[in-house]
Amino acid sequence: MKDYKKYLSEEAANNVTKWLEKKKYQEYKPQLLEMIEAEKWQELEDAFFKIIEFGTGGRRGTTGIGSNRINKVTIGESAQALCSYIEKFEPEAKTKGIAVVCDTRLSSPELSRYVAEVVSGNGFKTYVYDGFRSTPQLSFTVRELKCAAGIVISASHNPPMDNGFKAYWTDGGQLVKPHDKGVMAEAEKIEEIVSLDFDKGVESGLITILSSDMDDKYQEAVLKQSESDYRGDLKVVYSPLHGAGQRNSLPVLEKAGFNVITVKEQMIPDGNFPTVKGGKANPEERSANDMAVALMQAEKADIAITNDPDADRIGVMVYGEDGPIYLNGNMSASLDTEYVLSRMHEKGALTDKHYIAKTIVTTDLMQAIANRYGVKTYTNMLIGFKYIGELIKNKEGTDEIFTIGGEESYGVLKGDYVRDKDGAVGALLSAEHAALLKKEGKTLLDKLYEMYETYGIYVEDLRTVMCPGKDGFSLMQKIMQNLRTNPVKEVLGERVTEILNYESLKRKNLDTLEETDIDCYSGNVITLVFGDYRRRITIRPSGTEPKLKFYIQWFKESEGDVKKEYQEVRDLVENLGENLEATLLGD
């Protein structure tokens with residue numbers, strides 16, 4: 001065998017050695033030896049330079065061999081570690097069991113079946129479905145069956161070659177600190193992954209395949225979040241983008257009584273996402289929605305809705321004066337917030353005990369709406385809907401009532417039937433709102449401009465820079481460190497007045513040099529403020545993909561011509577992002 005240690009970093013070489021020597025990795029040893037003999041040093045470096053960690057959405061990455069890859073070992077040890085860890089907090093964990101769900105990704109059926117074998121092999125009651133289901137349905141299942149934990153095999157909106165492991169706690173919410181690190185610590189101790197043959201698990205009663213009754217219960221829970229039974233003649237185009245949304249958003253819309261037309265080519269479950277440009281089945285990607293928009297135009301439908309593969313995200317498209325408009329996640333979350341709070345206010349159901357929630361990179365328009373209706377906003381949360389889920393959990397037993405939560409990455413939740421964002425409830429709210437507006441001769445876009453007149457103009461944008469492999473990882477860390485030690489003073493002539501360092505949890509005023517504390521979890525995040533906190537740019541490495549992300553928000557009071565003013569601010573925001581990216585990357 002060639003001396004791989006000469007060609008790899010110390011960390012990568014150490015991980016390769018473990019994979020060659022330890023029993024739990026033996027399935028992959030022949031393939032690893034082939035890579036070493038073929039001198040695939042860069043491929044080996046990227047696959048082994050670190051151990052894939054729990055990020056924003058669990059353990060997620062490219063499938064394949066390696067400690068920094070998703071495979072049966074990294075997935076299996078994660079499942080076994082969760083079993084071991086949960087028992088420390090729940091003595092009856094094995095009896096309460098663990099629910100397992102997967103999406104339509106290429107490796108999802110195989111990996112989810114293996115996870116069920118590992119969970120049952122560790123003596124846990126295991127609940128599975130007969131096929132793919134959405135991520136929010138997993139959260140519902142954990143809560144409905146009072147499980148000890150839940151697992152989703154999915155990489156959400158990532159490219160086709162990716163997959164992942166997302167763990168859920170007893171409340172149906174994703175793992176947050178300290179439990180995410182606790183499970184990783186358990187995984188490092190595992191020398192052998194224990195499993196039970198799936199069919200034997202079913203025969204013994206350890207593995208239960210859930211019936212369609214659970215689908216019905218979940219969908220009914222979503223439908224209870226309805227704020228209007230008016231449907232009118234609204235016509236909705238829907239696409240799951242080859243994913244699990246056909247098992248949550250579509251039946252919810254149909255049971256709610258909407259006239260739904262599906263994009264038939266994208267109703268086929270396929271982890272290659274063959275009809276989506278570049279395989280990027282993510283509503284955030286404009287091109288992912290193109291077939292739905294084309295059908296909306298061909299059928300003269302009023303609105304188009306899409307989901308990502310695990311159906312917790314939602315894309316919404318409507319008509320503008322010059323053609324179709326692709327609403328971003330901040331826009332749809334704001335429209336949902338206005339719709340829900342205004343409807344509840346009209347019914348006299350809204351109190352000062354109700355609250356909404358959003359993350360630090362989500363539009364402040366949501367807070368402006370909440371302020372108008374006398375509702376509290378919680379916004380001191382890092383990126384990831386799991387923090388909103390944790391907030392809901394922490395408010396249980398108090399007199400505060402969760403109403404709606406949203407995040408910029410196309411996620412929304414109304415009600416507490418789950419503890420994660422849900423594309424189905426987002427679809428229901430958007431369709432209901434659009435139906436009522438159509439009755440008045442308006443669209444969701446018209447309503448958005450009305451909101452800008454009322455609350456001021458809020459414009460947001462997200463820029464991403466791909467940073468693959470070890471070199472990309474190092475570049476992201478270098479940029480973030482430079483932002484802390486040598487902070488940006490201005491961007492395109494706009495002066496930075498404050499810097500929020502979420503790693504140290506310190507907020508520094510650049511005029512007075514005064515530092516104050518930030519009430520939030522710590523994280524690898526920097527925010528630049530330009531005079532008004534509603535004008536800011538937040539920079540962070542993605543917790544789910546090899547990307548550096550720039551979240552930009554700019555606010556302007558409306559002076560009357562909102563459409564013109566919106567476009568002016570839109571242009572400024574795009575230029576700010578472009579200028580900052582060039583500055584940080586040294587272009």
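The values are calculated or read from the model by the stated rules, or taken from the named source; none is laboratory data. Here the structure is a predicted model, which is why all the values come from computation and not from measurement. All Cβ positions, glycine included, derive from the backbone under ideal geometry; neighbour counts span all protein chains shown.
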Restricted to the stretch 521-547 and to residues being under 19 Å from the mean Cα position of the chain (by Cα) and among the hydrophobic types (A, V, I, L, M, F, W, C), the residue farthest from N575 (Cα to Cα) is V525
Hits in the stretch 320-364 - residues which are in a strand (DSSP E or B) and either modelled with pLDDT of 95 or more or within 22 Å of the chain's Cα centre (by Cα) (or both)
P324, I325, Y326, L327, H354, Y355, I356, A357, K358
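Conditions tested, residue by residue: (1) at negative phi; (2) buried (at least 22 other Cβ atoms within 10 Å of the Cβ); (3) of a type in the set (A, V, I, L, M); (4) in contact (Cβ under 8 Å) with a residue 60 or more places away in the chain.
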position: D3; (1), (2), (3), (4): yes, no, no, no
position: V16; (1), (2), (3), (4): yes, yes, yes, no
position: L44; (1), (2), (3), (4): yes, yes, yes, no
position: G55; (1), (2), (3), (4): yes, no, no, yes
position: R69; (1), (2), (3), (4): yes, no, no, no
position: E77; (1), (2), (3), (4): yes, yes, no, yes
position: A93; (1), (2), (3), (4): yes, yes, yes, no
Exactly one of (1) in contact with a Lys or Arg (Cβ under 6 Å, 6 or more places away or on another chain); (2) surrounded by fewer than 24 Cβ atoms within 10 Å (Cβ to Cβ); (3) polar (S, T, N, Q) is unmet by S139. Its number?
(2)
Over the stretch 25-66, the set of residues of a type in the set (S, T, N, Q) and over 23 Å from the mean Cα position of the chain (by Cα) is Q26, Q31, Q42
Report, by residue number, each residue of the stretch 232-289 that is in contact with a Pro (Cβ under 7 Å, 6 or more places away or on another chain), free of Cβ contacts under 8 Å to residues at least 60 places away in the same chain and part of a loop (DSSP other than H, G, I, E, B).
M267
Can you spot a residue in the stretch 427-444 that is among the β-branched types (V, I, T) and under 23 Å from Q367 (Cα atoms)?
yes
So which of V152, V183, V202, V176 is among the β-branched types (V, I, T) and part of a loop (DSSP other than H, G, I, E, B)?
V176
Condition (residue is at pLDDT 95 or above and either in contact with a Pro (Cβ under 9 Å, 6 or more places away or on another chain) or among the charged types (D, E, K, R) (or both)) applied to the stretch 52-71: is it met by at least one residue?
yes
Filter the stretch 156-211 for residues that are farther than 14 Å from V119 by Cβ and of a type in the set (S, T, Y); the one that is nearest to the chain's Cα centre (by Cα) is S156
Do you know which of the residues in the stretch 375-405 that are in contact with a strand residue (DSSP E or B) (Cβ under 8 Å, 6 or more places away or on another chain) and assigned to a loop (DSSP other than H, G, I, E, B) is surrounded by the fewest Cβ atoms within 10 Å (Cβ to Cβ)?
T379
Among the residues of the stretch 285-326, what is the count of those that are of a type in the set (G, A, S), touching a strand residue (DSSP E or B) at 6+ places or on another chain (Cβ under 8 Å) and within 23 Å of P159 (Cα to Cα)?
4
When residues of the stretch 428-480 are limited to those that are of a type in the set (G, A, S) and farther than 23 Å from F555 by Cα, the one modelled with the lowest pLDDT
G469
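Please specify each residue of the stretch 406-430 satisfying the condition of being small (G, A, S) and either crowded, with 24+ Cβ neighbours inside 10 Å or farther than 27 Å from K235 by Cα (or both).
G406, S409, G411, G423, A424, G426, A427, S430
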Just the residues that are hydroxyl-bearing (S, T, Y) and assigned to a loop (DSSP other than H, G, I, E, B), please, taken from the stretch 155-169.
S156
Output for the stretch 538-569, where each listed residue is out of contact with any helix residue (DSSP H, G or I) (no Cβ under 6 Å at 6 or more places or on another chain) and either among the β-branched types (V, I, T) or in a strand (DSSP E or B) (or both)
T538, I539, R540, T544, K547, K549, Y551, Q553, F555, V569
